[in-house]
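The values are calculated or read from the model by the stated rules, or taken from the named source; none is laboratory data. Just so you know, these numbers come straight off a predicted model, no measurement behind them. Glycine also receives a Cβ, built like all others from the backbone with ideal geometry; neighbour counts cover every protein chain displayed. Heavy atoms of the whole protein, side chains included, go into the accessibility calculation; ligands, DNA and RNA do not. Shrake-Rupley method; radii C 1.70, N 1.55, O 1.52, S 1.80 Å.
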Amino acid sequence: MEKFIISLDQGTTSSRALLINKNGDAIYSNQMEFGQIYPKNSWVEQDPLEIFETQLNTLKNCIDTNSLIKGQVVSVGITNQRETTILWNRITGEPVCNALVWQCKRSQNITTELKKQGYQDLIHKKTGLILDPYFSGTKIKWVFDNVKGVKEMALRGELLFGTVDTWLLWKFTKGKKHATDVSNASRTMLFNIIEKKWDDEILELLEIPKSILPEVLPTSSSFGLIDSSYFGYEIPINCLIGDQQSALFGQLCTNVGDIKNTYGTGCFTLMNIGDRPIFSKNGLLTTIAWEIGNICCYAVEGSVFIAGAIIQWLRDELGLLKTAEESEDLALSVPDTNGVTFISTFQGIGTPYWNSETRGEITGLTRSSKKAHIVRAALESIAFRSMEVINTMKNDSGISINSIKVDGGACKNNFLMQFQSDISNVDIIRPSNVESTALGAAYIAGLFSGFWKDLDEIKKIKKSDKLFKPLITSEKREDLINQWTNALNKALGDA
Ligand code: ADP
């Protein structure tokens, strides 16, 4: 009987379930979007119960539609949006408030105060992260300071915290397992990535009791069993991994110096740096990529918070597009942006600036600016921000970068990929299966459960790629970069 792995990909905008066969093909996939809640400027929330329900329903659809797979699913791997913070009552299972999504900046005052008090270096040295509201630690503190009764619940031992992986695991195991993996833990700003344990000093600083935190396990582990009440039989969960680290593994960036860039809601570039952390001086994060079979692999990471989300915004808020795909033809319908530059930093700017106050701008508008120019400038802005991250990685690591593997929803856009190759002067390698995030978790769960024997077996099933090579002259590249830099400096100055 054929066996399968199921990958659950809990993204920022949707939950997905993919049924993966031995050949590494997603032979069935199911996706459900869920609500985004914006109570105030720069605040972003999601309903934890909706996150779970959509994820459960995609899994149900996967199992019900493919009745033949009953009992043939060897293992489940979960990959998830990172940093998003969920707090719930240990006894009732009820969330105490909505999930505070990674994009949410409400804990800005807390991070500003900690910076003022000089804690930036300590946090960086221990966690590899920057003091920024993006990470879970100050989000928890914000809830303790602002949602009545929650801190008291924590002190009474009635509260649990989890990133989305932990929440899903807890729900799927019916409260039997409260655990996370090192890749997710390393995004909380509470986890010491060298000692690989929750950091007492940081917990004390933020006044967070350890009792709310999940147990931290290696990325491939026996995390628990999906309770039999869901499907009539138990299914083991053998991988939890943050989405960006999962994409790095899914792209088989398993050697030092391998890089991938994921073009989703945001853009996240990760470089494998091997089994020892390197701490950046230029705003790159250091993070745990995965721990598999006693080997801990680290990565440096550059973050661009808004990428595909600009296209979503042009579609949903401005109505300039009917579909995200349409942006490619529109961009190609004009030879350039006609002087328009789009600075897409809606919720602050990440690597290498880390300025939470920077806001979006569109510059160079004239009466002859057309919709196509604005759409093209928006796509170009995604590539320009990734270019800045790639340059930072090059300078910081001293490793020359000749090629980058890409994935994520927006990498299907050929204009964007060619433009990225042109301005970064690197080869862009796009796999035929762009679901690298889901594949990473599937590969890790599959290796743990013996579905695949070893990495070599997986390398053999990896599908052919499409290659984008730089096509523009260096003068043209310089002109484009100058126009971008001038507009960006203006936006940074305005912040
Ligand atoms: P996430 O996992 O962060 O939810 P995905 O990897 O599913 O994101 O990618 C979805 C994002 O990609 C959306 O923001 C969407 O606007 C953008 N996107 C999807 N297809 C295209 C396309 N052809 N061109 C540009 N952007 C796209």
> With respect to the numbered conditions (1) of a type outside the set (Phe, Trp, Tyr); (2) farther than 22 Å from Ala442 by Cβ; (3) crowded, with 24+ Cβ neighbours inside 10 Å, which one is the sole condition not fulfilled by Glu317?
Replying inline: (3)
>> For the condition closer than 18 Å to Ser228 by Cα and within 16 Å of the ligand (Cβ to nearest atom), what is the one hit in Gln55, Gln46, Gln72?
In response: Gln55
>> Against the definition (farther than 23 Å from Phe448 by Cα and touching a helix residue (DSSP H, G or I) at 6+ places or on another chain (Cβ under 8 Å)), how does Lys210 come out, yes or no?
In response: yes
> Of all residues in the stretch 422-442 being under 24 Å from Arg385 (Cα atoms) and within 16 Å of the ligand (Cβ to nearest atom), which is surrounded by the most Cβ atoms within 10 Å (Cβ to Cβ)?
Replying inline: Thr437
> For residues in the stretch 271-324 being out of contact with any strand residue (DSSP E or B) (no Cβ under 6 Å at 6 or more places or on another chain), assigned to a loop (DSSP other than H, G, I, E, B) and of a type in the set (A, V, I, L, M, F, W, C), which is farthest from the ligand (Cβ to nearest atom)?
Replying inline: Ile278
> Can you find even one residue in the stretch 373-389 that is surrounded by 19 or more Cβ atoms within 10 Å (Cβ to Cβ), more than 16 Å from the ligand (Cβ to nearest atom) and not in a helix (DSSP H, G or I)?
Replying inline: no
>> For Asn486, only one of the following conditions fails: (1) within 16 Å of the ligand (Cβ to nearest atom); (2) surrounded by fewer than 21 Cβ atoms within 10 Å (Cβ to Cβ); (3) in a helix (DSSP H, G or I). What is its number?
In response: (1)
>> Of the conditions (1) more than 18 Å from Trp102 (Cα to Cα); (2) within 16 Å of the ligand (Cβ to nearest atom), Thr12 satisfies every one except a single condition; which number is it?
In response: (1)
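Pick from Asp199, Asp145: which is within 24 Å of the chain's Cα centre (by Cα) and modelled with pLDDT of 95 or more?
Just one listed residue meets the conditions, Asp199.
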>> Restricting to the stretch 70-113, give me the number of residues that are crowded, with 20+ Cβ neighbours inside 10 Å and not in a loop (DSSP other than H, G, I, E, B).
In response: 14
>> When the residues of the stretch 443-463 are narrowed to those that are open to solvent by 40 Å² or more (accessible area, probe 1.4 Å) and in a helix (DSSP H, G or I), which ends up farthest from Ile292 (Cα to Cα)?
In response: Lys460
> Under the condition of being open to solvent by less than 10 Å² (accessible area, probe 1.4 Å) and under 14 Å from the mean Cα position of the chain (by Cα), which residue from the stretch 400-421 is farthest from the ligand (Cβ to nearest atom)?
Replying inline: Val406
